[in-house]
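Written out below as structure tokens is the structure these notes cover.
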Amino acid sequence: KILSSVRIVVENGGKLTLSDSTVQGIIDVQSGGTFSMNYDAYSKKFTTGASLCGQLRLGDGAILENAAIYSHTNYLANGDLTDRSNDDAVVAVTGNVTLKGQVFISGDEGQTALQVKNGTLNLEAGATLATYGGGGNTTIYSNGGGAIQLENGTITGDGKVIAIGGSVTFGPGGNAVSGNGAIHTSEVFLQGATSYTAKNAAPGKALEGDITLTS
């Protein structure tokens, strides 16, 4: 258990594989560093047991490879009896970042899965990126989280992108992709979440904002 006061830095040539651990602080992957999570490289199988309650930050030149990333950020943390409410993205990309293999990112309640801000996420040939916005199922009328938030961001490469907005009980459904930017990949599957009619809640959209899609 890595507490919120701890910041892990993965520098050039280093690789961090997160297994059977809970990280409540920041993981900062810098140029030439590689991050993997819940993946057994020897048997080439995905596992469970590690979760992020903080944020994974991928800087220019970082590599994200074979990772099953899920967040429990809104669970009780460090013994504090006050419920947290964090909708910041589980994974934040800035600069030019490379994605290899298969990467799955799932947000906690109402949380965005992936943000690409002023940067580009490059999918290697055959790579898959699957993102799932956090649901809105714990409290009444909660919003569903978005799967991908682009802020002058681009996702490109010869790979596949899956983005599914967070499902809800009564509130507005989460969007698949929102913001401003572009997606240029070989395949894409985008799905906004459904919603119920309570308080005029609207379903999530596949695309929301100024997004160029050429997949």
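From 147, 182, 202, grab the single residue that is within 18 Å of the chain's Cα centre (by Cα), small (Gly, Ala, Ser) and either under 20 Å from residue 104 (Cβ atoms) or open to solvent by 40 Å² or more (accessible area, probe 1.4 Å) (or both). So that I can check it myself, show each step before the final result.
Numbers: 182 fails: either under 20 Å from residue 104 (Cβ atoms) or open to solvent by 40 Å² or more (accessible area, probe 1.4 Å) (or both); 202 fails: within 18 Å of the chain's Cα centre (by Cα).
Just a single option satisfies the conditions, and that option is 147.
Please tell me if residue 138 is touching a residue at least 24 places away in the same chain (Cβ under 8 Å), surrounded by fewer than 24 Cβ atoms within 10 Å (Cβ to Cβ) and farther than 19 Å from residue 106 by Cα. Spell out the reasoning first.
On the way: touching a residue at least 24 places away in the same chain (Cβ under 8 Å): yes; surrounded by fewer than 24 Cβ atoms within 10 Å (Cβ to Cβ): yes; farther than 19 Å from residue 106 by Cα: no.
No.
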Quick check on residue 60: is it modelled with pLDDT of 95 or more, over 14 Å from the mean Cα position of the chain (by Cα), assigned to a loop (DSSP other than H, G, I, E, B) and surrounded by fewer than 16 Cβ atoms within 10 Å (Cβ to Cβ)? yes
Residue 159 versus (1) without any contact (Cβ under 8 Å) to a residue 60 or more places away in the chain; (2) of a type in the set (Gly, Ala, Ser); (3) assigned to a strand (DSSP E or B): which is the lone unmet condition? (1)
Subset tally (residues that are surrounded by fewer than 16 Cβ atoms within 10 Å (Cβ to Cβ) and not in a loop (DSSP other than H, G, I, E, B)) for region 1-15: 3
Checking the condition over 20 Å from residue 97 (Cβ atoms) and polar (S, T, N, Q), which residue from 215, 195, 186 passes? 195
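Report whether or not residue 169 is touching a Pro at 6+ places or on another chain (Cβ under 8 Å), within 26 Å of residue 74 (Cβ to Cβ) and open to solvent by 10 Å² or more (accessible area, probe 1.4 Å).
Numbers: touching a Pro at 6+ places or on another chain (Cβ under 8 Å): no; within 26 Å of residue 74 (Cβ to Cβ): yes; open to solvent by 10 Å² or more (accessible area, probe 1.4 Å): yes.
No.
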Do we have residue 128 as out of contact with any strand residue (DSSP E or B) (no Cβ under 9 Å at 6 or more places or on another chain) and not hydrophobic (A, V, I, L, M, F, W, C) here? no
I'd like to verify a number: residues in region 91-116 that are modelled with pLDDT under 95, open to solvent by 20 Å² or more (accessible area, probe 1.4 Å) and among the charged types (D, E, K, R), how many? 1
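Out of the residues in region 170-194 meeting the condition of being in a loop (DSSP other than H, G, I, E, B) and over 9 Å from residue 144 (Cα atoms), tell me which one is modelled with the lowest pLDDT.
First pass over region 170-194, keeping only residues in a loop (DSSP other than H, G, I, E, B): 170-176, 192-194.
If we keep only those that are over 9 Å from residue 144 (Cα atoms) as well, we get 170, 176, 192, 194.
Values: 170: 81, 176: 97, 192: 95, 194: 86.
Within region 170-194, the match that is modelled with the lowest pLDDT is 170.
The values are calculated or read from the model by the stated rules, or taken from the named source; none is laboratory data. What you are looking at is a predicted structure, and each value in this text was computed from that prediction instead of being measured. Cβ: placed from backbone, ideal geometry, glycine included. Neighbour counts: every protein chain shown. The accessibility values were calculated without ligands, DNA or RNA, using every heavy atom of the protein model including side chains. Shrake-Rupley method; radii C 1.70, N 1.55, O 1.52, S 1.80 Å.
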